[in-house]
Amino acid sequence: MSTLIVPHSIPSVAEDCEQLRKAFSGWGTNEDLIISILGHRNAAQRKQIREKYAETFGEDLLKALDKELTQDFERVVLLWTLIPAERDALLANEATKRWTSSNQVLMEIACTRSSKELLIVRQAYHARFKKSLEEDVAHHTTGDFRKLLFPIVCAYRYEGDEVNMTLAKTEAKLIHEKISNKAYSDDDIIRILATRSKAQINATLNQYKNAFGNDINKDLKADPKDEFLGLLRSTVKCLVHPEKYFEKVLRLAINKTGTDEGALTRVVTTRAEVDLKIIKEEYQRRNSVTLEHAIAKDTRGDYEKMLLALVGQKDD
């Protein structure tokens, strides 16, 4: 499901570090060399490179990259170089400092990582920012947004496939009652979304559709301009069909007037080693063009090259 292309035979970690140091030397930065190395190494290899670079040259690789690179290219390389938990912690921290679409980013991290991954993200957040993710989410959000986001960032779900069908039918009926009464932020809806396993939620929502005729997200579109309802729909989609959620994020990032580089960079760097292959297939099915084609059309220069490396486009 990963789109990352790692060569069968790669240089030693020491050699990669030497080459990166060489890319920073001289009059100009060798961006192609940086892409050829970091754009084709997995998370464990990138971690080794960063550790060896610090040991060899007495400088954090991230600081070296920060000095040499600029703008969107710098952002994608720096995010990519971080280990996944550090990256998520950074993205979550940035989200707690903004008041626009940041709630969506917090939800995305909380709902698409495994229970163990989310726990490690919270630990990484604590180590880096000297406070808890839960604390910052509670401070950043208000009202119904806090009521939904706080429990999902604290979640530790059962990860197995076992499903209780009796419970699924009961909770489908309960959710339908609450939605029919427009009690969208009801404690029971949030409890189910924040605590049940993804397999159990999927079974419940299938029962919902079978019993009441509509997909739940259709019933949650009562007011398309309601931001909380939008977040609730995204939460459901992230938990059950993450590939469809991320396809939509990419479609909105690339197809609207002016590219949303922040969203594009976030999805590519966080999903390249997870499920970007499936997201790419969904993107092509939905838009009749490949993700590679869309990225090449909408981006330029080294930023474009790095994105295309991560989405798995082979070099010519």
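The values are calculated or read from the model by the stated rules, or taken from the named source; none is laboratory data. Note that the structure is predicted; figures quoted are calculated from it, not measured. Backbone-built Cβ (ideal geometry, glycine too); neighbour counts: all protein chains shown. Each accessible area value is taken on the protein alone, full model and side chains, heavy atoms only, with ligands, DNA and RNA left out. Shrake-Rupley method; radii C 1.70, N 1.55, O 1.52, S 1.80 Å.
For the options Asp260, Asp161, Asp144, a Gaussian network treatment of the chain with springs between C-alpha atoms closer than 10 Å singles out Asp161 as fluctuating the most.
A DSSP coil position with no more than 15 other Cβ atoms inside 10 Å describes the following trypsin sites (Lys or Arg not before Pro) in the stretch 87-172: Lys97, Arg98, Lys130, Lys131. The trypsin sites (Lys or Arg not before Pro) of the stretch 217-316 meeting both criteria, a DSSP state outside H, G, I, E and B (loop) and at most 12 other C-beta atoms within 10 angstrom of the site's C-beta, are Lys225, Lys256, Arg300, Lys314. Isolated cysteines of the chain, defined as having no other cysteine beta carbon under 4.7 Å away, are Cys17, Cys154. Here the Karplus relation 6.51 cos²θ - 1.76 cosθ + 1.60, evaluated at θ = phi - 60°, turns the backbone of the stretch 191-201 into coupling constants of 4, 5, 5, 8, 10, 6, 5, 5, 5, 5, 4 Hz, with x for every Gly and Pro.
If the segment from Thr142 to Glu117 were pulled out straight at 0.36 nm per residue, it would be longer than the present Cα-Cα gap by 6.4 nm. With helices as the sole contributors, the chain gives -21500 deg cm²/dmol at 222 nm; each DSSP H run of n ≥ 4 counts as -39500 (n - 2.57), and the sum is divided by every residue. Which of Asn210, Ile179, Ala110 sits closest to the plus end of the dipole of the stretch 106-212, meaning its Cα is farthest towards the positive end, when Lys and Arg get +1 and Asp and Glu get -1 on the C-beta? About the Cα centre, the residue reaching furthest to the positive side is Ala110. Rounded to whole numbers, the Karplus 3J(HN,Hα) couplings from phi for the stretch 211-220 are 7, 10, x, 10, 5, 4, 5, 5, 6, 8 Hz, using 6.51 cos²θ - 1.76 cosθ + 1.60 with θ = phi - 60°, and x at Gly and Pro. Projected label points at Lys218 and Glu177, each 7 Å from Cα along the beta carbon direction, are separated by 2.4 nanometres. On full extension, the segment bounded by His241 and Lys67 gains 58.7 nm, given 0.36 nm per residue less the C-alpha separation. Principal axis analysis of the Cα atoms in the stretch 59-129 yields extents of 35, 27, 20 Å, listed in decreasing size.
Between beta-carbons, use under 9 Å as the cut-off and find the net charge around Val153, counting Lys and Arg +1, Asp and Glu -1. Each step should come with its number before you reach the end.
Numbers: positive: Arg122; negative: Glu134.
Overall, the nearby charge balance is 0.
Modelled spin labels at Glu227 and Arg300, positioned 7 Å past Cα toward Cβ, are 3.3 nm from each other. Here the gap between Glu134 and Asp188, fully extended at 0.36 nm per residue and compared with their Cα-Cα distance, gives a gain of 17.4 nm.
So how far, in whole Å, is the C-alpha centre of the stretch 183-237 from the one of the stretch 269-296? First find each Cα centre; the distance between them is then 26 Å. Taking each of Lys173/Lys277; Lys198/Lys248; Lys67/Lys97; Lys221/Lys297; Lys22/Lys314; Lys225/Lys277 in turn, the alpha-carbon distance tops 26 angstrom for Lys173/Lys277; Lys221/Lys297; Lys225/Lys277.
Sorted into 10 angstrom bins from 0, the C-alpha pair distances of the stretch 143-191 split as 22, 42, 34, 2 percent. Of the chymotrypsin sites (Phe, Trp or Tyr not before Pro) found in the stretch 150-253, those that fall in a DSSP loop while having at most 13 other beta-carbon atoms within 10 Å are Tyr156, Tyr158.
Taking the protein heavy atoms of the chain in the context of the full set of protein chains, the accessible area attributed to carbon and sulfur is 49 percent at 1.4 Å.
Residue by residue, the stretch 19-33 carries 3J(HN,Hα) couplings of 5, 5, 4, 5, 5, 8, 8, x, 6, x, 7, 8, 5, 4, 5 Hz when phi is fed to the Karplus relation 6.51 cos²θ - 1.76 cosθ + 1.60 (θ = phi - 60°); x denotes Gly or Pro.
Here the Gaussian network model covers the chain, with springs between Cα atoms less than 10 Å apart; of Leu250, Leu106, Leu69, Leu69 fluctuates the most. In a simple Cβ point-charge model (Lys, Arg +1; Asp, Glu -1; nothing else charged), the chain has a dipole of about 760 debye relative to its Cα centre. Mind listing P(r) for the stretch 1-158? All alpha-carbon pairs, 10 Å bins, whole percents. Per 10 Å bin, starting at 0, the Cα pair percentages come out as 10, 35, 29, 20, 6, 0.
Angle check, please: helix 143-153 long axis (alpha carbons) against the longest principal axis of the chain (alpha carbons), in degrees 0 to 90, nearest 10. That helix lies at roughly 60 degrees to the long axis.
Using only the C-alpha atoms, the convex hull of the chain corresponds to 146 Å³ per residue. Ordered from longest to shortest, the equivalent ellipsoid semi-axes for the stretch 146-225 are 20, 17, 10 Å, each the square root of 5 times a Cα gyration tensor eigenvalue. A Förster distance of 35 Å, applied to the separation of the beta-carbon atoms of Gln19 and Ala155, puts the FRET efficiency at 0.25.
Close amide H contacts of Val274 (hydrogens built in the peptide plane, cut-off under 5 Å, sequence separation of 5 or more or a different chain): Thr3.
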